[in-house]
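**Q** Sharing a structure, written as structure tokens. Questions coming.
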Amino acid sequence: NEVKLKNAVTVVLAPVEQQSVAIQIKVKGTVLPKQTIVVRPQFGAVIKSVHIKEGQFVKRGDKLFTLDTRDREANLAKSNAQLLKTKAELAIALRNFQRQQALFRKNFISQAMLDVARNQVELLQNQLKFDQATIQADRVSLSYGEIYAPISGRTGSITLFPGSLVQPETSQLVSIMQLDPIQVSFVLPESELRLLQQSPTSNQINATVRFGSSDSDKLEGEIVFIDNAIDTASGTIHVKAEFANEDRKLWPGMFVEVILIKQRISD
């Protein structure tokens, strides 16, 4: 009896349950930033201040760089002075035109002389509009001296520092990658095109991305892009899925596994 007990095999019983089974498609994908912005200056100038560090996470509207704008401040001051001069000349021209109207009603001057006074007023009124537009343009140009982050994301390397001369055509101040939300790019065989077309809108197709061995190393997202043509060379179609990435578990350049539910077999 003792020998029989030592060789006994334990059998564990469990109730049988019926449930639906999902048929999955698993493909490899590459993590991409949703967008990458290259920040460049709007005009040639010397960098006055750098307000960020390399690899820093910035929010939209954060100040990145300050440029030396003393020449544009001088232009704005000159435009303001010109506006005051035009206003003074217009005031004189209006008073002169009023006097000329009074003299014309008394037949002391000709119609031609009245027309000259009227034309002078109209000329200065147009000059006033031009001066106001010039001031507005100078203010816009001056505002380019403060460079702010156009999107939220992570900054790249910075190779320009205070004292560096920058130009719009050649100088890249910094690049910013948007990491939340983030996208994963992958391809599917053309035979799976019907899966992508199963919904009127592509963003109703769910996708799961797995980036580690643990069950927690996965994120749920949705397909946001399906290419408009199949690659005839490979017989595949390019697809992108988007995922919330607040914890920055996904990083641009990572290789991940994308899982799509092709079909569910009911119990």
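The values are calculated or read from the model by the stated rules, or taken from the named source; none is laboratory data. Fair warning: this is a prediction, and the values are worked out from it, not measured in the lab. All Cβ positions, glycine included, derive from the backbone under ideal geometry; neighbour counts span all protein chains shown. Quick note on the areas: whole protein, heavy atoms, side chains included, nothing else; ligands and nucleic acids left out. Shrake-Rupley method; radii C 1.70, N 1.55, O 1.52, S 1.80 Å.
**Q** Residue by residue through segment 135-158, note down the ones that are under 22 Å from the mean Cα position of the chain (by Cα) and free of Cβ contacts under 8 Å to residues at least 12 places away in the same chain. Before the answer, list the steps.
**A** Let us first name the residues in segment 135-158 that are under 22 Å from the mean Cα position of the chain (by Cα), namely 140-141, 143-158.
Correct list: Val140, Ser143.
**Q** Could you look through segment 232-256, keep only residues that are open to solvent by less than 60 Å² (accessible area, probe 1.4 Å) and among the β-branched types (Val, Ile, Thr), and pick out the one that is nearest to the chain's Cα centre (by Cα)? Write out each step before concluding.
**A** Let us first name the residues in segment 232-256 that are open to solvent by less than 60 Å² (accessible area, probe 1.4 Å), namely 235-243, 245, 250, 252-254, 256.
Now drop any that are not among the β-branched types (Val, Ile, Thr), which leaves 236-237, 239, 256.
Values: Thr236: 30, Ile237: 26, Val239: 21, Val256: 25 Å.
Selected residue: Val239.
**Q** Among the numbered criteria (1) touching a residue at least 40 places away in the same chain (Cβ under 8 Å); (2) open to solvent by less than 80 Å² (accessible area, probe 1.4 Å), which one does Ala117 miss?
**A** Of everything listed in (1) touching a residue at least 40 places away in the same chain (Cβ under 8 Å); (2) open to solvent by less than 80 Å² (accessible area, probe 1.4 Å), Ala117 misses just condition (1).
**Q** Considering only residues of segment 46-91 that are touching a His at 6+ places or on another chain (Cβ under 9 Å) and part of a strand (DSSP E or B), which is nearest to Ala133 (Cα to Cα)? Talk me through it step by step, then tell me what you get.
**A** Initial filter on segment 46-91 (touching a His at 6+ places or on another chain (Cβ under 9 Å)): 62-66.
Of the ones still in play, those that are also part of a strand (DSSP E or B) are 63-66.
Working: Lys63: 27, Leu64: 28, Phe65: 27, Thr66: 25 Å.
Per the criteria, the residue is Thr66.
**Q** Would you check if there is a residue in segment 158-173 being at pLDDT 85 or above, open to solvent by less than 60 Å² (accessible area, probe 1.4 Å) and within 29 Å of Glu257 (Cβ to Cβ)?
**A** No - not one qualifying residue is present in segment 158-173.
**Q** Among the strands (runs of 3 or more DSSP E) confined wholly to segment 117-210, which include 2 or more residues that are under 30 Å from Thr66 (Cα atoms)? Break it down into steps so the answer makes sense when it comes.
**A** On the way: elements: 146-148, 153-155, 174-177, 182-189, 206-210.
Result: 146-148, 153-155, 174-177.
**Q** If I ask for residues that are under 24 Å from Leu76 (Cβ atoms), touching a Leu at 6+ places or on another chain (Cβ under 6 Å) and open to solvent by 50 Å² or more (accessible area, probe 1.4 Å), which ones from segment 86-114 would you list?
**A** Correct list: Glu89 only.
**Q** Now, a different point. Collect the residues in segment 12-49 that are modelled with pLDDT under 90 and farther than 23 Å from Leu196 by Cβ, keeping them in residue-number order.
**A** Val12, Leu13, Ala14, Pro15, Val16, Glu17, Gln18, Gln19
**Q** Sticking with this one: The conditions are (1) touching a Leu at 6+ places or on another chain (Cβ under 6 Å); (2) loosely packed, with under 15 Cβ neighbours inside 10 Å; (3) not hydrophobic (A, V, I, L, M, F, W, C), and Asp138 fails exactly one of them. Which is it?
**A** Only one criterion is unmet by Asp138, namely (2).
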